[in-house]
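Shown next, in structure tokens, is the structure this report addresses.
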Amino acid sequence: MSDRRPTHPINMLILGIESSCDDAAAAVLAIDKPGVADVRSSVIANQDDVHRAYGGIVPELASRSHIVTILPVIERALASAGASLDDIGGIAVTCGPGLVGSLLVGLLCAKGIAQASGLPLVGVNHLEGHLLAPMLEQPVPFPYLALVVSGGHTALFAVEDFGRYRRLGVTRDDAAGEAFDKVAKMMGLGYPGGRIIDELSRSGDPQEVKFPRARVKNASLDFSFSGVKTAVALFLAGERGRTTAPSDLAASFQEAVVEMLIRPTIAAARELGADTIALTGGVAANSRLRKRLAAAAAADGRHLVAPSFKYCTDNAAMIAMAGSYRLLRGKRDPLTIDANPNLPL
Ligand code: KG4
Ligand code: ZN
């Protein structure tokens, strides 16, 4: 196998590949130095139409769909960046955590390209991608506090440097995005529910129903969302559930989730002395969360950095960013690297 390690690491083009859940994504990122990048292309093939009828992600359908879409997605990412594989200096691919079948499709594809081209390959932790996504649009100095809030994860991390992350808090049960999706399903709103609840809430009154705000004892930086989900189910089964406007119910539920996310986040920022709070993951697209967390951070003398919507949800540009600092140092993983659905950060 030839070794085409780039001779000029400055302005290195990195091909990112992501398939950990239900989005097949590829991106080309130009890296000047660690943390400073220009997204040349970012292509995402969304599977919402595949899973909508089931009201949630069906793992087997997700991986089968990835098999069909991953190569065209990579080709489109290269074409829209005006690049060919000859221009690429390294490949970064998600190797966990996620759905094992989905992960394997992107990883095997990346290995195949690396084997055929001789390009260096690095496996990336999907969560590390979310943690570093804010850097895709602006330099974000270390250290900062990151709230990762998606369909699969809800956690607070101290981001101390590339590769140095400390988990400060985590959900004890559901991820916040999972709660959004399940409540939307209970309300018959469709799939995926987070965006629908966000939109419906804009015309609703967040004070109409007072749902309980869970507080986790003895570990103040942890989260819990199963209680509010059950409270919505009980409310829907009762008398008021039939008469309350869906927009008011959606807004009241969303308000409870947003407040339960904000309290531990501000507490963690104080504990850490972090001036910058980064909001990332699919639920970071939530307009109410962005607005209220920005206000809470500002009131506490801190600054909120939230990526554009396209970099909040799963994408491959964030995977390329996370792989970049190792690729720039000339690191690579062996082609025997495996997918790990439970990969720790
Ligand atoms: O990061 P992501 O694309 O995939 C995972 O790694 O989970 O996040 C998807 C999650 C879904 O639960 C979806 O309902 C939620 O993000 N989501 C939202 C919004 N947009 C996406 N939740 C609340 N408000 C939104 N606007
Ligand atoms: Zn994600």
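The values are calculated or read from the model by the stated rules, or taken from the named source; none is laboratory data. Owing to the predicted nature of the structure, the values given are computational and were not obtained by experimental measurement. FYI the Cβ positions are ideal-geometry reconstructions off the backbone, even for glycines, and counts take in every protein chain you see.
Does LEU131 satisfy being under 18 Å from the mean Cα position of the chain (by Cα) and more than 11 Å from ligand 1 (Cβ to nearest atom)?
Here the answer is yes, as LEU131 does meet what is asked.
Each row is one residue, and each column tells you yes or no for (1) within 16 Å of ligand 1 (Cβ to nearest atom); (2) in contact with a helix residue (DSSP H, G or I) (Cβ under 8 Å, 6 or more places away or on another chain); (3) not hydroxyl-bearing (Ser, Thr, Tyr).
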site	(1), (2), (3)
ILE266	no, yes, yes
GLU271	no, no, yes
LEU289	yes, yes, yes
CYS312	yes, yes, yes
TYR325	no, no, no
GLY330	no, no, yes
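Only one of these conditions is not met by ARG302: (1) crowded, with 18+ Cβ neighbours inside 10 Å; (2) basic (Lys, Arg); (3) within 14 Å of ligand 2 (Cβ to nearest atom). Which number is it?
Failed condition: (3).
Any residue at all in the stretch 307-322 that is charged (D, E, K, R), in a loop (DSSP other than H, G, I, E, B) and farther than 16 Å from ALA27 by Cα?
Looking through the stretch 307-322, none of the residues is charged (D, E, K, R), in a loop (DSSP other than H, G, I, E, B) and farther than 16 Å from ALA27 by Cα.
Hey, any hits in the stretch 308-317 for a residue that's more than 16 Å from ligand 2 (Cβ to nearest atom), touching a residue at least 24 places away in the same chain (Cβ under 8 Å) and not polar (S, T, N, Q)?
No: zero hits.
Sort out which residues of the stretch 252-267 are surrounded by fewer than 23 Cβ atoms within 10 Å (Cβ to Cβ) and closer than 14 Å to GLY301 by Cα, and write them in order of number.
ILE266, ALA267, listed by residue number.
What's the total number of residues in the stretch 275-295 that are part of a helix (DSSP H, G or I) and surrounded by fewer than 20 Cβ atoms within 10 Å (Cβ to Cβ)?
Number of matching residues: 7.
Show me the helices (runs of 4 or more DSSP H) entirely contained within the stretch 1-119 in which 2 or more residues are at pLDDT 95 or above.
Because the criterion is at least 2 residues that are at pLDDT 95 or above, the helices (runs of 4 or more DSSP H) in the stretch 1-119 that meet it are 59-80, 100-117.
Among the residues that make up the stretch 242-250, is at least one of them among the small types (Gly, Ala, Ser), touching a helix residue (DSSP H, G or I) at 6+ places or on another chain (Cβ under 6 Å) and at pLDDT 95 or above?
yes
Hey, can you tell me all the residues within the stretch 142-199 that are assigned to a helix (DSSP H, G or I), out of contact with any Asp or Glu (no Cβ under 8 Å at 6 or more places or on another chain) and within 13 Å of ligand 2 (Cβ to nearest atom)?
ALA176, GLY177, GLU178
Tell me which of these GLY123 doesn't satisfy, since it passes every other one: (1) in a helix (DSSP H, G or I); (2) surrounded by 23 or more Cβ atoms within 10 Å (Cβ to Cβ).
(1)
Quick one: which residue in LEU304, LEU236 is within 20 Å of ILE197 (Cα to Cα) and either modelled with pLDDT of 95 or more or not in a helix (DSSP H, G or I) (or both)?
The unique qualifying residue is LEU236.
For the list (1) surrounded by fewer than 18 Cβ atoms within 10 Å (Cβ to Cβ); (2) part of a helix (DSSP H, G or I), I need the number of the one condition that VAL228 fails.
(1)
Considering only residues that are touching a residue at least 24 places away in the same chain (Cβ under 8 Å) and farther than 26 Å from VAL36 by Cβ, look in the stretch 275-299 and name the one that is farthest from ligand 2 (Cβ to nearest atom).
Applying the filter and picking the extreme gives ALA296.
Is it the case that the stretch 161-177 has a residue that's within 19 Å of ARG288 (Cβ to Cβ), within 13 Å of ligand 1 (Cβ to nearest atom) and surrounded by fewer than 18 Cβ atoms within 10 Å (Cβ to Cβ)?
There is no residue in the stretch 161-177 that is within 19 Å of ARG288 (Cβ to Cβ), within 13 Å of ligand 1 (Cβ to nearest atom) and surrounded by fewer than 18 Cβ atoms within 10 Å (Cβ to Cβ).
Conditions (1) modelled with pLDDT under 95; (2) farther than 30 Å from ALA53 by Cβ, marked per residue:
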residue	(1), (2)
VAL149	no, no
GLU160	no, yes
ARG167	no, yes
THR171	no, no
ALA176	no, no
PRO192	yes, no
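Quick check on this structure: which one of GLY129, GLY98, GLY106 is surrounded by 24 or more Cβ atoms within 10 Å (Cβ to Cβ) and on the phi > 0 side of the Ramachandran plot?
GLY98
Scan the stretch 194-211 and tell me whether some residue there is away from ligand 1 (no atom under 16 Å from the Cβ), among the hydroxyl-bearing types (Ser, Thr, Tyr) and at pLDDT 95 or above.
no
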